[in-house]
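The values are calculated or read from the model by the stated rules, or taken from the named source; none is laboratory data. None of the values given here were measured: they were computed from a predicted structure. Reconstructed Cβ throughout: ideal geometry from the backbone, glycine too, with neighbour counts over all protein chains shown. Each accessible area value is taken on the protein alone, full model and side chains, heavy atoms only, with ligands, DNA and RNA left out. Shrake-Rupley method; radii C 1.70, N 1.55, O 1.52, S 1.80 Å.
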Amino acid sequence: MSRATAIAYANLGLAKYWGKRPGAGNLPAAGSVGVNLKALRTITTASVIDGDRDEIRLDGENSPKAAARAGAFLDLVRELAGKPLHFRIESRNDFPTAAGLASSSSGFAALAAAAAHAADLRLDERALSALARKGSGSAARAIPGGVTRLIPDVDEPYAVSIAPPEALPWVWSIGVAKTGPKDISSRDGMAACAETSSFHDAWIRRAREDAETLERLVLSGDVDGAGALIEANALAMHADGFAARPPLVYFLPATLAAWRAAVELRRQGVMAWFTCDAGPHPVLMHPPQHAARVRETLLAIPGLERVIVSAAAGGVEVTG
Ligand code: PMV
């Protein structure tokens, strides 16, 4: 095949990946667990072209920085193929990118799958996940389906599915915050924490333990136990940033207000749990029957401008 289209879903960290061990290719310092979200989709077409350079169009734009990162990733595909192939890449996100939700996880998972297929590389799920990881750590988790876990302590870390999408009987309500100053990428944020945060080593120990515990809780069907761990894990990851010098604070007032709202909802018997990746947008996970109530609660928070409700999704899909 010299052309392939891949669809990948953004993978939200549940037990977060936030720290690397030395070496190239996003080697994680600890395991992590995430879930693919249906409402946050990237669709990427890769075609092998004649010529001596790649043509990369991301969301219809020619953003030099994103294109350079995608181009560097395509070097890895060329290396695996053992041929100087060049690609035309067209990639778009199926959700409002202006909202600042663009995710490197769905982006690199879709790029890895589309380019590997177009180049006729026959990679199994493990190899494809390890390849996607080299674009962005969380992208490894977006290759398999449902609830996925990154296995850290091997030469080429990769992710596996630990449970199907319906294993966590929630929907995910994403509060889209009016964004403030330009975000610091997770790549730069992690590096800053590793270098300057006095909490970082403690966080990594906690992250290792949390990823293992969360897998057990998901597999045993302890949904509230999983929710409580996910929420505490997210706050611990952000605390690592708070302790960096200079402080790395992704939260806006609206983010913290969403956490408080989750605590209050639970007090009222609505089992909603909070998490947040490396940005200001809070995510509440909760049983689907409470979607209207959670939406109303999030929209009442000043600084949150819309809510995207998502189910969990399967893994990357490739078509011709
Ligand atoms: O994949 P990266 O390098 O964008 O890192 C993702 C980091 C978090 O989203 C904050 C956590 C996670 O586990 O996805």
Practice task
Examine the range 265-276 for a residue that is open to solvent by 70 Å² or more (accessible area, probe 1.4 Å), hydroxyl-bearing (S, T, Y) and either in a helix (DSSP H, G or I) or touching a strand residue (DSSP E or B) at 6+ places or on another chain (Cβ under 8 Å) (or both), and state whether such a residue exists.
Solution key: no
Fill in the blank from the handout: Scanning the range 1-49 residue by residue, the ones that are within 16 Å of the ligand (Cβ to nearest atom) and hydroxyl-bearing (S, T, Y) total 4
Exercise for the section: Could you check, for the range 91-102, whether at least one of its residues is more than 30 Å from P164 (Cβ to Cβ), acidic (D, E) and either within 14 Å of the ligand (Cβ to nearest atom) or open to solvent by 50 Å² or more (accessible area, probe 1.4 Å) (or both)? Expected result: no
Completion exercise
Within the range 10-49, the residues that are surrounded by fewer than 20 Cβ atoms within 10 Å (Cβ to Cβ), in a loop (DSSP other than H, G, I, E, B) and out of contact with any Lys or Arg (no Cβ under 7 Å at 6 or more places or on another chain) are R21, P22, G23, A24
Completion exercise
Considering the range 104-143, residues that are touching a Phe, Trp or Tyr at 6+ places or on another chain (Cβ under 9 Å) and in a loop (DSSP other than H, G, I, E, B), and then whichever is nearest to V48 (Cα to Cα), we arrive at A119
Exercise for the section: Please verify whether the range 92-107 includes one or more residues that are outside the structural domain of E209 (by TED's automatic domain parsing), of a type in the set (K, R) and at pLDDT below 95. Expected result: yes
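Return the residue satisfying two criteria in turn: it lies in the range 166-217 and is outside any helix (DSSP H, G or I) and of a type in the set (F, W, Y), and of such residues it is farthest from the ligand (Cβ to nearest atom). Walk me through how you get there before you give the answer.
Restricting attention to the range 166-217, the residues satisfying the condition of being outside any helix (DSSP H, G or I) are 168-185, 197-199.
Okay, now just the ones that are also of a type in the set (F, W, Y), so 170, 172, 199.
Details: W170: 17, W172: 13, F199: 15 Å.
Looking at the filtered set, the residue picked out is W170.
I'd like to verify a number: residues in the range 234-254 that are part of a helix (DSSP H, G or I) and more than 20 Å from the chain's Cα centre (by Cα), how many? Break it down stepwise before answering.
In the first step, residues of the range 234-254 are kept if they are part of a helix (DSSP H, G or I); the result is 234-242, 253-254.
If we keep only those that are more than 20 Å from the chain's Cα centre (by Cα) too, we end up with 242, 253-254.
Selection size over the range 234-254: 3.
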Exercise for the section: For the range 30-47, indicate whether the set of residues that are hydrophobic (A, V, I, L, M, F, W, C) and more than 30 Å from E305 (Cα to Cα) is non-empty. Expected result: yes
Exercise for the section: Can you tell me which residue among A262, A257 is more than 17 Å from V171 (Cβ to Cβ) and either in contact (Cβ under 8 Å) with a residue 24 or more places away in the chain or assigned to a helix (DSSP H, G or I) (or both)? Expected result: A257
Practice task
List every residue pair whose Cβ atoms sit under 7 Å apart, with the two residues 6 or more apart in sequence or on different chains, where the first one lies in the range 156-175 and is closer than 14 Å to F274 by Cβ and the second, anywhere, is open to solvent by 50 Å² or more (accessible area, probe 1.4 Å) and of a type in the set (D, E, K, R).
Solution key: S173/R295
Completion exercise
Result of the Cβ filter at 8 Å on the range 106-133, keeping first residues that are within 16 Å of G320 (Cα to Cα) and partners that are within 14 Å of the ligand (Cβ to nearest atom) and in a loop (DSSP other than H, G, I, E, B), at least 6 apart or interchain, is A112/I143; A113/I143
